[in-house]
Amino acid sequence: MTMSNFHPKQPVEQFPVQQILAYNWEYSADRQRLMRLYENAKRDQWNATSRLDWSIDVDPESELIPDIAIGIYGSPMWNKLTAKEIQRLRHEAITWQLCQFLHGEQGALLATAQIVDTVPWYEAKQYGATQVMDEARHVEVYRRFVQEKLEHEYPVNPELKKLLDMILSDSRWDMKFLGMQIMVEGLALAAFATMRDTTTNPLLRDLTAAVIEDEARHVAFGVLSLREFCQNTSDKERAEREDFVYEAAVLMRDRLLNREVWQTMGMDADACVKLSLQSPLMAEFRRRLFSKIVPNVKSLGLLSDRQRARFADLGILDFEHNTTSDVDQDAEEEQRRQLNAA
Ligand SMILES: [Fe+2]
Ligand SMILES: [Fe+2]
């Protein structure tokens, strides 16, 4: 069952980026909500070696996640596949998806390390340091799952790479928050939740649930930091940030498709991509990825009439009334307090 290997020819990729380094000599601890988030992050650190049962068997050819999540599911093209081909397609699709999670986690690790350097607030540097550790652990668990359980690897998807490059090469710290914590992690939170709720494998379920605990905090970190920043921006700066959010949204909704899977399978990649874009099921799945992004963006003041019209065109505006991620965090803490008191 050994598959061909996809290791890149050039394992280390380097390029210069501009950074504005910020010391903070004041060490102020006035941002209470960030300080509280830091306390929670310390309390909730976990060890992937002991928390997860790595001895659990994973059969990548089984329906680890429902076939319905495969872009061409139910189409004439799908119906023509033999049982053996479906098994292979499942293996490729789950491998592609988890490899993109892995590469995205590396992007988050690098972006958060940059945030620690560039964010001017001491409280955010302190919290950011916990996120760096969280992301290292996320890279650890996806790397281990992919290498030990799935047998081969996919390189980073070109569209995801483009988005990560945009975030990592922008010298403005708030753009890193906007790109990583609000957009990429907001989307990841929704994608991970679907995986946790639908996977049939207990290791994949527990791993994903553990990562989600951290990601929910990361998105709240972005919301709290940017809400303060955005209160003091000019109209021009705000418009620029809205454009950045919109571009990232389009990229994530319509471009993050698993073309590489169809190519590996030797199928007609253009036809498969077209089918996944047309499938109402897949469209709804992609739309749902924005359920937290939209209310969060709104709470930052980045939902002007111009942006509302564009979000309406993308079919994601109706998420604007959902709760924001900082409110979700507070609710979770309250639940925890009540549980502990009981
Ligand atoms: Fe992460
Ligand atoms: Fe994260």
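Pairing the Cα long axis of helix 122-145 with the longest principal axis of the chain, what angle in degrees results, from 0 to 90 and rounded to the nearest 10?
The angle comes out at about 10 degrees.
Based on the alpha carbons, how large is the Rg to Rh ratio for segment 260-311 when Rh follows Kirkwood?
Numbers: Rg = 16.1 Å, Rh = 13.4 Å.
Using only Cα positions, Rg/Rh for segment 260-311 is 1.20.
If you split all Cα-Cα distances of the chain into 20 Å bins from zero, what percentages do you get per bin, shortest first?
29, 58, 12, 0
For a protection proxy built on the mean count of beta-carbon atoms within 10 angstrom, sort 133-146, 12-25, 285-298 highest first, please. Please report the intermediate quantities before stating the final value.
Working: 133-146: 19.9, 12-25: 8.8, 285-298: 22.3.
Final packing ranking: 285-298, 133-146, 12-25.
Mind giving me the nanometre distance, one decimal, between the label points for residue 57 and residue 9, set 7 Å out from Cα along Cα→Cβ?
Each label point lies 7 Å from its Cα, and together they span 4.1 nm.
For the chain, find the longest principal axis of its Cα atoms and tell me its angle to the long axis of helix 305-314, 0 to 90°, nearest 10.
Relative to the chain, helix 305-314 is tipped by roughly 20 degrees.
Treat the count of other C-beta atoms within 10 Å as a stand-in for reagent exposure and order 234, 279, 325 from fewest to most.
Exposure proxy ranking, most exposed first: 234, 279, 325.
For the chain, give the magnitude of the charge dipole about the Cα centre (Cβ charges: +1 Lys/Arg, -1 Asp/Glu; no others), in debye to the nearest 20. Before the final figure, lay out the partial values.
On the way: 41 positive and 54 negative charges, 51 e Å.
The dipole magnitude comes to about 240 debye.
Taking the Cβ-Cβ separation of residue 49 and residue 321 as r and a Förster radius of 45 Å, what is the calculated FRET efficiency to the nearest 0.05? Don't skip to the end; give the middle numbers.
Values: r = 41 Å, r/R0 = 0.92.
The formula returns an efficiency of 0.65 here.
Using only alpha-carbon positions, what ratio does the radius of gyration of segment 167-287 give when scaled by 2.2 N^0.38 Å?
Values: Rg = 17.3 Å, N = 121, 2.2 N^0.38 = 13.6 Å.
So segment 167-287 has a normalised radius of gyration of 1.27.
Find how many whole Å separate the alpha carbon centroid of segment 169-188 from the alpha carbon centroid of segment 121-141.
14 Å
Once the piece of chain linking residue 129 and residue 29 is laid out straight, how much longer is it, given 0.36 nm per residue of separation minus the C-alpha distance between them?
Numbers: separation 100, 0.36 × 100 = 36.00 nm, distance 1.53 nm.
Value of the extension gain: 34.5 nm.
Gap in Å between the Cα centre of segment 14-38 and the Cα centre of segment 271-322?
Taking the Cα centre of segment 14-38 as reference, the centre of segment 271-322 is 31 Å away.
Computed over the Cα atoms of segment 1-135, what is the convex hull's projected area averaged over all directions, in nm²? Don't skip to the end; give the middle numbers.
Working: hull surface 51.8 nm².
Taking a quarter of the hull surface, the average projection is 13.0 nm².
Mean 1/r over all different Cα pairs, inverted: what Kirkwood radius does segment 220-292 give, in Å?
Values: mean 1/r = 0.0670 Å⁻¹.
So the Kirkwood estimate lands at 14.9 Å.
Can you show me the helix-derived [θ] at 222 nm for the chain, built from DSSP H runs with n ≥ 4 at -39,500 (n - 2.57) apiece and divided by the number of residues, rounded to the nearest 500. Can you show the working numbers first?
On the way: 16 runs with 215 residues, N = 342.
Rounded to the nearest 500, the figure is -20000 deg cm²/dmol.
Return 27, 38 ranked ascending by Cβ neighbour count within 10 Å, so the fewest neighbours appear first. Display every interim value, and only then the final one.
Numbers: 27 9, 38 22.
Least to most surrounded, the residues fall as 27, 38.
May I ask you to work out the translational diffusion coefficient for segment 211-342 at 37 °C, viscosity 0.692 mPa s, via Stokes-Einstein with Rh from the Kirkwood sum over Cα pairs, reported in whole µm²/s?
Details: Rh = 17.0 Å.
The calculation lands on 193 µm²/s.
Just 266, 186, 74 to compare: in a GNM of the chain, with alpha carbon springs under 10 Å, which one fluctuates most?
Of 266, 186, 74, the most mobile in the Gaussian network model is 266.
Taking the Cβ of each residue in 277, 163 as the centre, tally the other Cβ atoms inside 10 Å and list the residues starting with the fewest. It would help to have the intermediate numbers written out before the result.
Details: 277 13, 163 24.
Ordered from fewest to most neighbouring Cβ atoms within 10 Å, 277, 163 come out as 277, 163.
In whole Å, what are the extents of segment 87-144 along the principal axes defined by its C-alpha atoms, from largest to smallest?
Principal-axis extents of segment 87-144 (Cα, largest first): 51, 15, 11 Å.
Which entries in the list 80/162; 176/298; 42/162; 9/149; 80/149 go over 25 Å, if you measure between the two C-alpha atoms of each? Spell out each step's value before the answer.
Numbers: 80/162 35 Å; 176/298 18 Å; 42/162 32 Å; 9/149 23 Å; 80/149 28 Å.
Distance filter (> 25 Å) returns 80/162; 42/162; 80/149.
Using the alpha-carbon atoms, what tilt in degrees (0 to 90, nearest 10) does helix 202-230 show relative to the longest principal axis of the chain?
For 202-230 against the chain, the angle is about 40 degrees.
Using 0.36 nm per residue, how much length does the chain from residue 312 to residue 198 gain when fully extended, once their Cα-Cα distance is taken away?
Taking 0.36 nm per residue and subtracting the Cα distance, the gain is 38.2 nm.
Translational diffusion coefficient, Stokes-Einstein: compute it for segment 96-180 using the Kirkwood radius over C-alpha pairs as Rh, at 37 °C and 0.692 mPa s, and state it as an integer in µm² s⁻¹. Present the calculation step by step, with values, prior to reporting the outcome.
Numbers: Rh = 13.4 Å.
After rounding, the answer is 245 µm²/s.
No lab work stands behind these numbers, since they all come straight from the coordinates. Predicted model only: the values in this text are computed from it and were never measured. Note that we place each Cβ from the backbone using ideal geometry, even for glycine, and neighbour counts take in every protein chain shown.
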